[in-house]
Amino acid sequence: MQTAHHRRTVLNSFRRYPRVRTLTPFSCSLFRLESKHKGWFRKSDEGVGVVYDLSLRGVRVSTEAVMQPGDLVALTLRLPKQISPAKITLATVRWAKDQIYGLAFQKLSQSSLSRLTKYMVVMTMGKDLKRYGADAKPVDG
């Protein structure tokens, strides 16, 4: 157990944009922009998904929509405890396994980047507070 946590921490430290695992998965909307494969969303160009991991440059999402690496999508992330969703105007499907997909953000607005940053800071602070106990307080510096 300790080794698995250490391995995830070490792997995450090499990432240019650290990833945050969501404590409670949240929903997102997916919109097909371009696909090399026919029948992507079957009847509609819109689908729903569940977000499990998030970074400033990408997301891991589960959806029933069939996507292939290279497909281009737009998505709307309904971040917990935020009034407005974060809208990603362009993302590329990087990998697929079963019904789980890795999406790399290509274009997003400054306001969406700000929402993602805020969410990740809150999530990271929450993990640190849990790790060091309820009496821990953020340190200025």
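Some observations on this one:
- Separation in nanometres of the label points that stand 7 Å from Cα toward Cβ, at residue 46 and residue 31: 0.9 nm
- Ranking of 78, 115 by neighbouring Cβ atoms within 10 Å, starting from the fewest: 78, 115.
- In a fully extended conformation the segment linking residue 99 and residue 114 would gain 2.5 nm over its present Cα-Cα distance, using 0.36 nm per residue.
- The alpha carbon gyration tensor of the range 80-126 gives principal lengths a ≥ b ≥ c with a/c of 1.5 or higher and a/b no greater than b/c, which makes the shape oblate.
Readers should treat all values here as calculations from the given coordinates under stated rules, not as data from a laboratory. The model shown is predicted, which means the values in this text are computed figures rather than measured ones. In this analysis, Cβ positions are derived from the backbone assuming ideal geometry, glycine residues included, and neighbour counts consider all displayed protein chains.
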